[in-house]
Amino acid sequence: MTHKERFLRAITLKKVDRLPHTEQMIHDLLVAKIVRQELPGDGGNALSRWMNEPMSAENFERHVQARKFLGFDHVQLFPMETSEQVGVSAHGNPLVRDIWGCVMEKTDKTSVIVKMPIESADEIDAYRFPDVDDFGFGNIRLWLDEGSFFVAPQIETGYFKANQFFGIEDYVTYLYDEPGKMHRFMRRFTDFQIRMAQKLIDMGVDGIWLSDDHAYNKGPFMSSAFMQEFDFDYMKQIVDYIHGRGKPVILHSCGNLSLTIDQIVATGIDALHAIQPSLNDIYAFKRKYGKKICLIGNMDIQYLLPHGSPIEIADKIEEMVEKLFYDQTGFVLSTCNLLDLDVPVENVITMHLAAQKYVCQQAK
């Protein structure tokens, strides 16, 4: 099977020839180590660059080589967001307004929000979303033209993005005090995401990756009822549109999903990514939902991959293969977020080789 075929079959619950692999992102410096090249500097915020900056030909080639070596079947990307400097802070740092209207004070390492796009209830109906064509799509075209991998760009949905227009305290307050305005906002927000999905599908992407980090360690940030009314009902509209265009949908969602997993599955998504092992029982998810959705992730990045030995990593993957991939369906190997610089190269490679080793042993 090709990478595209394998990943599509996996997330649509069909049997595959080997265990599929993926990652949301690999830090540029980690990629350089895998392909034995030197890059200057500390790499900075690789996620920000992955989201917002055009990829050089050299960096693109490194990523292709590393992903093929590791056996990855899929690449997750972002429509690139433009921004402009609008001033200088009292600390001498640039103030930058992003495409959504959020103003941030930027340093070499991080960004601090100093002005939200919507600062009062009176501004909710007046807010205007950017045009889809204001975003950049060059990186997505680059990976589509390469042709090997299942390409699934990310668009935002629900609580995770919506609260960023207001700040979480005002967002929740408006849900109580201004439900009519917030529903009108969510309808327009959903319409924008559907237009973005339309643009991407028209480009020829293989699927759409949604993102909605709506939970923390103990559960969702809002009640299940509010999550349904102001998040999942709108997410389902996006999922239905994408399915209507003949494409699958993967949802990324961090945190403890035990209180919302039934609602997530009911949106009709094809696959669920992250499934943090310290917060979620992926084996229970497989037993209950394994005939409805594909599970992606669950490899621990808090201890196991950064600090564990290759043997510990191999043992964990053997366990995952036995309990999640016994029927050769419905599981894609991945970390529960991304591969960052705190993961040693030898552990990244062990993760790949062990997966193939134990699948081959099982096949015998």
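The values are calculated or read from the model by the stated rules, or taken from the named source; none is laboratory data. Only a predicted model underlies this, so the values are computations on that prediction, with no experimental measurement involved. Cβ: placed from backbone, ideal geometry, glycine included. Neighbour counts: every protein chain shown. Accessible surface areas use protein heavy atoms only, side chains included; no ligands, DNA or RNA. Shrake-Rupley method; radii C 1.70, N 1.55, O 1.52, S 1.80 Å.
Structure summary
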quantity	calculated
Rounded, prolate or oblate (a/c below 1.5 giving rounded, otherwise prolate when a/b exceeds b/c) for the stretch 55-155 by Cα gyration tensor	prolate
Whole-Hz ³J(HN,Hα) from phi, Karplus 6.51 cos²θ - 1.76 cosθ + 1.60, for the stretch 195-204, glycine and proline x	5, 5, 4, 4, 4, 5, 5, 4, 6, x
DSSP bridge orientation in the chain - percent antiparallel, rounded to nearest 5	35 percent
Other-chain or far-sequence residues with amide H under 5 Å of VAL332's (modelled H)	LEU295, ILE296, GLY297
Gyration tensor verdict on the stretch 304-364 (Cα atoms; rounded if a/c is under 1.5, prolate if a/b is larger than b/c, oblate otherwise)	prolate
Cα gyration tensor shape of the stretch 1-87, rounded if a/c is under 1.5, else prolate or oblate by comparing a/b with b/c	oblate
Crossing angle, helix 168-177 versus the chain [Cα axis fit, 0-90 degrees, rounded to tens]	60 degrees
Per residue accessible area of the chain, 1.4 Å probe, in Å²	42 Å²
Longest DSSP-loop-exposure-free segment, GluC sites (Glu not before Pro), the chain, at most 16 other Cβ within 10 Å	120-364
³J(HN,Hα) computed for each position of the stretch 317-326 - Karplus, 6.51 cos²θ - 1.76 cosθ + 1.60, integer Hz, glycine/proline x	5, 4, 4, 5, 4, 5, 9, 10, 10, 5
Other-chain or far-sequence residues with amide H under 5 Å of GLN154's (modelled H)	LEU77, PHE78, TRP209
Label of the coordinate-derived value, mean projected area of the Cα convex hull in nm², listed as (i) 18.1; (ii) 19.6; (iii) 25.8	(i)
For the chain, calculated [θ]222 nm from helices alone, where every DSSP H run of n ≥ 4 adds -39500 (n - 2.57)	-12500 deg cm²/dmol
DSSP beta bridges in the stretch 175-302 [antiparallel fraction, %, rounded to 5]	15 percent
For the stretch 212-229, Karplus couplings with θ = phi - 60° (6.51, -1.76, 1.60), whole Hz, Gly/Pro x	7, 7, 9, 9, 10, 5, 9, x, x, 6, 10, 5, 4, 5, 5, 4, 5, 5
Angle in degrees between helix 345-363 and the longest Cα principal axis of the chain, rounded to the nearest 10	60 degrees
Normalised contact order of the chain, rounded percent, pairs of Cα under 8 Å and 6 or more residues apart	20 percent
Sulfur and carbon atoms: percent of accessible area, the chain [1.4 Å]	51 percent
